[in-house]
Structures are given as C-alpha cells and as structure tokens.
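**Student:** Encoded as structure tokens, here's the structure I'll be asking about.
Read the figures in this text as sums done on the coordinates, not as results from a lab. Nothing here was measured: the structure is a model prediction, and the numbers come from that model. Every residue, glycine among them, receives a Cβ derived from its backbone with ideal geometry; neighbour counts consider all protein chains shown.
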Amino acid sequence: MFNEIPRAVRRAATGAAWVALAALGPPPATAQPAIRLAPGQDHALILSENPSTGYSWAIDAAASKGLDVVAVEDRGHKPGKTMPGAPGERLWTLRALKSGHAEIAFVYRRPWESAPPVDTRTVVVDVAP
C-alpha cells in the first residue's frame, strides 16, 4: 500500500497523518474502454509484473462475470531486462467464444498470502458478430 500513495505525499506524511493517508487505500482505477471482439477472434493482453518480489497476476473468477463468453489463456511471464529483479510482463490471450459481455477481474498479489491484492484490473470484453 505504501507505493500506492504518491511520493511527494509520502515524504510529507508523518505519524498520525501517515495513518490517515494509509486508511484512504489505493487510488481508484481508471476505467478502460471495452475490448470489442467477434466470435473466434483473439486479443493479446499484457500486464506488467515482477515475480521476483513474489507478486503475480491471476484471474479472480469470483469477481469476474461472463467467463463463458471468452476463454482466457495465461501465456506465462516474459522477462524484461536480463538483470536480477527486473520487472517483466504477464501475457494473456482472450478468445471470444460467443456473443455477450464479460468482465474479467485480475488481481496482483502473492498467491500464498491472504492479504488483499496490491492492484486489480478489470478488463471488459464485448463480443458481437
């Protein structure tokens, strides 16, 4: 949560002020336009991640809607620079199966921890012929 608060604010916050800022939680996510696909069409999705920290992206099936409309394939992690600890990307392929609407919720967390995710993304997919 510390990194979700802008650096200038972190520098200025001390003591009780820091507790108040931490209680605000992460900033609201920016809405992304829907991905529009025809049945049978694929779309590549890339999310930045750094698994050397233990964090990785995963689908939150319970928070997702319309998973019968699209197939989601995890294509794995693609490393960034060739130095230890360098971030990379998680690659996903979305395939439209049938007409409809899907909202795919992704969470960025350490899989072994029960803590809330440090980041979330919702990808909206509209499928129509």
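**Student:** For region 49-129, run through the chymotrypsin sites (Phe, Trp or Tyr not before Pro) and keep only the ones in DSSP coil with at most 14 other Cβ atoms within 10 Å of their Cβ.
**Tutor:** Those satisfying the criteria are Trp112.
**Student:** Which loop GluC sites (Glu not before Pro) in region 80-129, with loop taken from DSSP, have no more than 16 other Cβ atoms within 10 angstrom of their Cβ?
**Tutor:** Glu113
**Student:** Subtracting the Cα-Cα distance from 0.36 nm times the residue separation, let me have the gained length for Thr122 to Arg36 in nm, one decimal. Don't skip to the end; give the middle numbers.
**Tutor:** Details: separation 86, 0.36 × 86 = 30.96 nm, distance 1.46 nm.
Full extension from Thr122 to Arg36 adds 29.5 nm.
**Student:** Once Rh is set to the Kirkwood radius over Cα pairs, what Stokes-Einstein translational diffusion coefficient, in µm²/s, holds for region 32-127 at a temperature of 10 °C and a viscosity of 1.306 mPa s?
**Tutor:** Working: Rh = 14.0 Å.
Translational diffusion coefficient: 113 µm²/s.
**Student:** What are the trypsin sites (Lys or Arg not before Pro) within region 30-129 that DSSP puts in a loop, where the Cβ has at most 15 other Cβ atoms within 10 Å?
**Tutor:** Lys81, Lys98
**Student:** Still on this structure: Tell me the label-point distance for the pair Ser52, Trp112, using the 7 Å Cα-to-Cβ offset, in nm and rounded to one decimal.
**Tutor:** The answer from the label model is 1.9 nm.
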